[in-house]
Amino acid sequence: MASPLIRVEDLGRDYRLGDVNVTALTGVSLEIQAGDFVSVMGPSGSGKSTFMNLIGCLDRATTGRYWLNGEDVTRLSPDQLAGLRNRHLGFVFQNFNLLPRATALENVELPMLYAGVPPAERHRRAREQLERVGLGERMAHYPRQLSGGQQQRVAVARALVNRPPMILADEPTGALDTRTSQELMALFQALNDSGITLVLVTHEHDIARYGKRILTFRDGRRVADQPVADRILAGTEPAAAP
Amino acid sequence: MNTLDTLHSALGSLRANKLRSALTALGIIIGVAAVITMLAVGEGARERVSEQLKSLGSNLMLVLPGTITSSGVRLGSGSRNTLTQNDAAAIQEEVAGVLAAAPALRGSGQLVAGNLNWASQIYGITPEYMIARDWRILRGRGLDENDLRTAAKVALVGQTVADMLYGGSDPTGQTLRVKHVPFTIVGLLASKGQSFGGQDLDDVVLIPISTARGRILGQAQGRLQTVGQISVKMRDGADMQQAEEQVSALLRQRHRIQPGQDSDFFIRNLSEVVEAEQAASRTLSGLLAAVASVSLLVGGIGIMNIMLVSVTERTREIGIRLAVGARQRDILIQFLAEAVILSLFGALAGIALGVGGAHLLGHLADWNIIVQPLSIGLSVFFAAGIGIFFGWYPARKAARMSPMDALRYE
């Protein structure tokens with residue numbers, strides 16, 4: 001078997017709050033293979049978001065090691081981590097995190113701006129991805145002119161545009177209604193079917209079941225790692241009927 | 001991120017907060033305008049002073065005879081007749097940049113015209129003296145080589161002498177007795193006013209040096225042809241210091257003075273006065289510019305202040321950019337570009353305001369105003385420098401944010 005896309009060993013993260021040391025994550029070791037669809041679950045403060053930030057190279061571990069695609073990223077410089085995020089990772093956040101003063105198209109172009117892609121190709125690829133997520137008609141709209149679901153699709157298009165092998169989604173349905181959430185999960189499943197690895201953080205069990213595997217965190221530790229027995233496949237949801 | 005993208009992004013951010021950007025730039029606008037206006041006023045003042053000094057004879061030096069030392073008592077300048085007309089001719093020929101080297105005899109005496117009399121300064125001169133001392137003829141003619149050769153009894157009179165003896169009527173053609181010798185007045189001199197020391201420069205009578213040498217100033221010294229002073233006028237732009245050294249070296253050689261011995265003559269010039277005046281006006285311009293620079297500095301601090309606010313406000317945007325792959329340098333350059341664009345925009349508007357303001361001020365206050373291209377170039381340079389200097393800290397603060405903390409910022 002090829003080396004896993006993600007491998008972490010004894011991963012931990014402490015924060016200092018004044019004089020107190022808070023352990024947000026401790027002793028996590030696991031692997032995620034390319035093509036997997038992993039849901040990360042747990043209550044608030046369980047360490048699931050910390051785990052997500054660490055494997056997303058947005059934060060640095062205080063203990064343990066992390067290999068992304070076989071590369072030890074634990075000791076990389078901030079700029080090297082930026083390069084990794086740019087080329088290997090796509091992010092989707094709960095609150096969309098789009099630039100408010102940029103159009104949908106400009107938001108999707110942003111990662112390519114930092115990848116040094118020439119303008120003509122930037123436009124072409126951004127259009128392509130917006131069409132892929134079904135927003136071909138709304139490229140010139142600003143985020144405030146789009147619904148929550150549409151904004152999240154722009155975010156997904158932005159995450160996809162540098163063709164990363166993996167997308168990390170942190171509570172992507174947290175600000176969406178049930179129907180829009182289901183549409184987004186259908187999009188994620190379609191992306192996963194096309195070979196993109198997905199890591200999804202959620203506290204809703206119904207959303208987690210769209211994945212293939214569920215990691216459960218509690219008090220900074222991974223307490224369970226199970227395949228999804230009763231997986232929901234897009235289009236078969238009981239509540240999906242209009 | 002390439003330059004065009006950076007520029008586009010920076011302009012977009014500045015446009016999003018138009019009023020704030022304009023107010024921030026206003027600090028720089030006022031600063032640059034103040035610097036340009038003050039430098040223009042200072043430079044105008046300096047040139048006016050310099051012109052006035054030039055008309056007073058700034059590139060003139062005076063060679064005076066040396067002193068007699070008798071039993072340790074030095075009798076002062078002029079007590080020995082060491083200078084000759086040949087010395088003047090040699091200076092004229094051998095020192096580079098000399099416009100005129102004019103020998104003169106000087107004395108005073110009683111003037112009589114009709115039933116009026118008046119004591120005045122009497123100068124025995126050559127035609128070069130008119131050039132060296134900037135004398136112009138208001139009426140009549142000047143002295144010429146013929147007057148000199150024949151020791152003609154002709155005289156030029158100053159305005160004061162004319163007023164005192166002829167009551168303001170045209171003195172040319174009239175007879176003037178100088179120390180009882182009758183002269184014909186051939187010309188009236190244009191008025192020069194007072195000297196630095198308050199001396200009336202128009203209270204003079206000029207006669208040919210050859211005429212003066214005989215009876216009038218009583219210095220018949222045979223063939224030596226001694227003179228009381230030599231006025232040396234240099235061409236514009238000549239180095240007075242260097243000219244003085246050359247004149248000194250030439251005369252020492254002519255007078256056979258051994259190295260280490262004192263010279264038997266003195267050299268005086270006005271360039272020290274000129275330098276003092278110019279230094280004073282330079283100090284004035286410097287002071288004005290320094291005061292104006294303070295407002296530029298305040299403008300720079302305004303930029304820093306607003307950039308810090310902007311960085312804090314846009315923490316989440318920074319987080320987003322970092323998350324999708326912006327390097328620290330990308331963020332640094334983005335914010336620096338905004339600061340520099342703000343200050344350059346301020347500089348351009350400030351130049352327009354400063355040049356306009358300087359001319360308006362010159363018009364209203366009737367001041368001499370000179371806007372130097374250099375001051376405009378300097379303003380742009382300094383404004384860019386201020387943008388970088390005061391934008392650096394906020395930009396670095398932005399660039400060093402942790403992506404996770406920035407994304408979480410509310």
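Using the Kirkwood radius built from alpha carbon pairs, what does the Stokes-Einstein equation give as D for region B:60-269 at 20 °C and 1.002 mPa s, in µm² per second? Can you show the working numbers first?
Details: Rh = 17.9 Å.
Answer, rounded: 120 µm²/s.
Distances between placed amide hydrogens fall under 5 Å for B:ARG139 paired with B:LEU188, all partners being 5 or more residues away or on another chain.
For region A:6-224, with every protein chain kept in place, what is the accessible area per residue (1.4 Å probe, Å²)? If you can, show how the numbers build up before the last one.
Values: 8870 Å² over 219 residues.
Computed with neighbouring chains in place, this is 41 Å² per residue.
Protein heavy-atom accessible surface, 1.4 Å probe, per residue over region B:60-269: 49 Å². Expressed to the nearest 5 percent, the antiparallel share of DSSP beta bridges inside region A:6-224 is 50 percent. Mind pulling the angle between the C-alpha long axis of helix A:104-115 and the longest principal axis of chain A? Nearest 10 degrees, somewhere in 0 to 90. For A:104-115 against chain A, the angle is about 50 degrees. So for the protein assembly as shown: antiparallel DSSP bridges make up what percent, rounded to the nearest 5? Around 70 percent antiparallel, to the nearest 5.
Sorting B:395-402, B:133-140 by average packing, meaning the other beta carbons within 10 Å per residue, from highest down gives B:395-402, B:133-140.
Find the Cα radius of gyration of chain B, compare it with 2.2 N^0.38 Å by division, and give the number to two decimals. All intermediate terms of the calculation are to be shown ahead of the outcome.
Values: Rg = 34.5 Å, N = 410, 2.2 N^0.38 = 21.6 Å.
Against the empirical 2.2 N^0.38 Å value, I get 1.59 for chain B.
The GNM of chain B, with springs linking C-alpha atoms under 10 angstrom apart, assigns the highest mean-square fluctuation among B:LEU348, B:LEU250, B:LEU374 to B:LEU374.
To the nearest 10 degrees, how steep is helix A:78-88 against the longest Cα principal axis of chain A, on a 0 to 90 scale? Between the helix axis and the principal axis of chain A, the angle is about 60 degrees.
Using Cα pairs closer than 8 Å and at least 6 residues apart in sequence, work out the relative contact order for chain B, in percent.
29
Check A:GLY47: other-chain or 5+ apart residues with amide H under 5 Å from its amide H, H built from backbone geometry? Here the answer is A:GLY220, since their amide H atoms fall under 5 Å of that of A:GLY47.
So what is the relative contact order of chain A, in percent, for Cα pairs below 8 Å that sit 6 or more residues apart? Don't skip to the answer; put the middle values down first.
Values: 475 pairs, mean separation 64.8, N = 242.
Worked out over chain A, it gives 27 percent.
Taking amide H as placed 1.01 Å from N in the peptide plane, the amide H of B:GLN229 sits under 5 Å from that of B:ALA104, each at least 5 places away or on another chain.
Restricting attention to region A:150-242, close to 55% of DSSP beta bridges with both partner residues there are antiparallel. Working note: 222 nm ellipticity from helices only, DSSP H runs with n ≥ 4, each -39,500 (n - 2.57), summed and divided by the residues of the protein assembly as shown, gives -15000 deg cm²/dmol to the nearest 500. Suppose a student asked you for the relative contact order of region B:60-269, using Cα pairs under 8 Å spaced at least 6 residues apart; what percent would you report? Contact order relative to length: 33 percent.
Give the A-B buried accessible area in Å², both sides summed, 1.4 Å probe, nearest 100. Please report the intermediate quantities before stating the final value.
Working: alone 11670 and 21220 Å², together 30800 Å².
The contact between B and A buries close to 2100 Å².
By how many degrees, 0 to 90 and rounded to 10, does the Cα axis of helix A:148-160 deviate from the longest principal axis of chain A? The two axes meet at around 70 degrees. Of the complete DSSP H runs in chain B, those spanning 30 angstrom or more by Cα along the long axis with a mean Kyte-Doolittle score not below 1.0 are B:271-313, B:328-365, B:373-399. For chain A, with all protein chains in place and a probe radius of 1.4 Å, 49% of the accessible heavy-atom surface sits on carbon or sulfur.
Sort B:341-347, B:229-235 for me by packing, meaning the mean count of neighbouring Cβ atoms within 10 Å per residue, highest on top.
Numbers: B:341-347: 26.0, B:229-235: 23.0.
For the peptides B:341-347, B:229-235, the packing ranking is B:341-347, B:229-235.
Close Lys pairs in the protein assembly as shown, defined as Cα atoms under 18 Å apart and 8 or more places apart or on different chains, number 5. Pop out a list of residues from region A:86-122 that are at least 30 Å² less accessible with all the protein chains around than in their chain alone; 1.4 Å probe, no ligands or nucleic acids counted. When all protein chains are present, A:ASN97, A:LEU99, A:ARG101, A:LEU110, A:LEU113, A:TYR114 each give up 30 Å² or more of accessible surface. Across region A:123-133, coupling constants 3J(HN,Hα) worked out from phi with the 6.51/-1.76/1.60 Karplus curve, θ = phi - 60°, read 4, 4, 5, 5, 4, 4, 6, 5, 5, 4, 8 Hz, and Gly and Pro carry x.
The values are calculated or read from the model by the stated rules, or taken from the named source; none is laboratory data. If you're wondering where the values come from, they're calculated on a predicted model, not measured in any experiment. As a convention, Cβ positions derive from the backbone with ideal geometry for all residues, glycine included, and neighbour counts pool all protein chains shown. The area values use the complete protein model at the heavy-atom level, side chains included, leaving out ligands, DNA and RNA. Shrake-Rupley method; radii C 1.70, N 1.55, O 1.52, S 1.80 Å.
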